[in-house]
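Below you'll find the structure, written out as structure tokens, and then a few comments.
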Amino acid sequence: MVVNIRTFSAEDTNKNEIVEIEKGEKPGTFTGAIKRLDNLVWHGINTIHLLPITPVGKLKALGTAGSLYAMDDFASINPQFDDVDNPMTVYEEAKLFISEAHKRGIRVIIDLPSCGSYDMFLRKPELFAVNSEGKSITPADWTDVRLFKTQEKDGSLNTELFELHKSFVDMVKDLGADGIRADVATIKPYEFWQMLISYARRNDSEFLFIAEASPAWTEAVTQEAVFTPYDKLVSAGFDGYLGNFMNYQKFSSAADLFKAYDEAQSLANRYDAKKSIILNFATHDDLSPVLVNSNYPSQLLWLAATLPGNMYFVNGFLTGDFYIYSYANKSAEKTYTDDDSYYVHKGKFDIFNYSRRPGGNNNALAMEYVNAVRLKSMFAELLKTKPNFLKSTDKNIFAYEYSKDNVKMVVILNHNPEVEVSGTVNYRGVDNFEQLIPIAYSNGLITFEKGKFDVRLAPSGIAVFISNNQYSQKK
């Protein structure tokens, strides 16, 4: 579960979606987040990905609180997350939060931003790359941050920058966290990550490193930046990476889904140590799945539950948050940066302001999530086998099955988010429909006869069936 501490336990008492500190409302804090841990446990969540917890810049900022990714210091905690009613320091509160998460069986990984704030550039220009005109570099459209200089002109690593990254590792480990998620990990060279990961694991071989990288990323974010592809990052020591599933909506046929699966498994199989695939169908950089259609969140949920890899969703997904904010991009009454507007990416998780806690009112989706997590756990051994991808008569119908020890799982979905589709799926795994138990079944109709499914599914519809031949025979 992706969590932004600044909003996770926020108290927006007047319900205008902005947390107005000057009016007595409270932003999210580590101590407030502790109160929500039991709810995460109930939903079956066992890992929290904390968006950056380091201080943020205030110059050339985006939003009235500043982007969480505009890192202003490597080795301290964002004071915005401090509970002013608690006598502990914000650092102590962060340690307490992680300790309480561990008591509940929840691991915590912490985001390492890829770039530094403009404020940091002004203080420490030697840490940053410059162009031929000697000016700082803004990667892509990230106007509030500047590109780090990871290498000197002779190709050696920027020692001072590397030491600061080590101080970040030291802080994360001292807090008791379980690992690091590296934002845009491709932006730093192989040697940088190999040395940093080796440093982090000197006294803890289990310390986790997850790379934000994908097979779909094939070039640097700017011509002055380094580019290290995802497979080299895994070779450098990363335990896992965000797969190509972020492009799921752009897949033109089932072959693209099967290719993404094969790429992930092929890379994982190259190493003795287990490498993890993150099923990143919906991240904080993506539009809310609810904006696609009402079935789409369920489809992503059951895809994540029935594909090998780690389920990964953003806070608010479980209850269908649209991430549509009434204050979006309007002038602000109060700002804590040099931006006097409530900067927001429409339909995306707010990381720029003191905003309301994420959430919606789709309680049915929340229950679906619980059931999906249980299914993934119950059939963990089955899901370790390679899925058999099934042929269909319509390119929008994706289908696959697992089979192990007389237990089978069949997944059939409509990839088209706009129209209902009809077709057939060839399948010889069972003799009759009575052997199939529907676990998930969205709008549509699926029948089975003579070795094939007749399928009619609504936009983004999905069906999941379990078959136990031994059970059926006994019956």
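What follows draws every value from the coordinates through simple rules; no lab data is involved. Note that this is a predicted model, so its numbers are computed, not measured. Here the Cβ positions follow ideal geometry from the backbone for every residue, glycine too, while neighbour counts run over all protein chains shown.
Working from label points 7 Å from Cα in the Cα-to-Cβ sense, the LYS330 to ASP231 distance is 5.1 nm.
When the alpha carbon coordinates of the stretch 385-474 are projected onto the principal axes, the ranges are 42, 24, 22 Å, largest first.
Here, the stretch 63-202 is characterised by an Rg to Rh ratio of 0.99, where Rg is the alpha-carbon radius of gyration and Rh the Kirkwood radius. Helical content of the chain, expressed as a calculated mean residue ellipticity at 222 nm, amounts to -7000 deg cm²/dmol (DSSP H runs of 4 or more residues, -39,500 (n - 2.57) each, divided by residue number, nearest 500). The per residue volume of the convex hull around the alpha-carbon atoms of the stretch 327-368 is 85 Å³. With no solvent and one point on each alpha carbon, what is the Debye value of log10 I(q)/I(0) for the stretch 149-229 at q = 0.13, 0.15 Å⁻¹? Debye intensities relative to I(0), on a log10 scale: -0.43, -0.57. What fraction of the DSSP beta bridges in the chain is antiparallel, stated in percent and rounded to the nearest 5? Taking every DSSP beta bridge with both residues in the chain, the antiparallel ones total about 65 percent. Packing, taken as the mean count of other beta carbons within 10 Å per residue, orders the peptides 378-389, 87-98 from highest to lowest as 87-98, 378-389. Calculated over the stretch 219-349, the projected area of the Cα convex hull averaged across directions stands at 11.1 nm². Computed as a quarter of the hull surface, the mean projected area of the alpha carbon convex hull for the chain stands at 23.6 nm². Annotation: peptides 164-172, 330-338, ranked by per-residue average of other Cβ atoms within 10 Å with the highest first, follow the order 164-172, 330-338. Magnitude of the charge dipole for the chain, about its Cα centre and with charges confined to Cβ atoms of Lys, Arg (+1) and Asp, Glu (-1), is about 1560 debye. One decimal place: the segment GLU434-GLN265 gains 57.5 nm when fully extended, by the rule 0.36 nm per residue minus the C-alpha distance. Among 291-298, 192-199, sorting by the average number of other beta carbon atoms lying within 10 angstrom of each residue, highest first, gives 291-298, 192-199. In terms of other Cβ atoms within 10 Å, HIS102, HIS49 run from fewest to most in the order HIS102, HIS49.
Stretching LYS166 away from GLU224 to a fully extended chain increases their span by 18.5 nm, per 0.36 nm per residue minus the current alpha-carbon distance. Projecting the alpha carbon convex hull of the stretch 330-406 along each direction and taking the average yields 10.0 nm².
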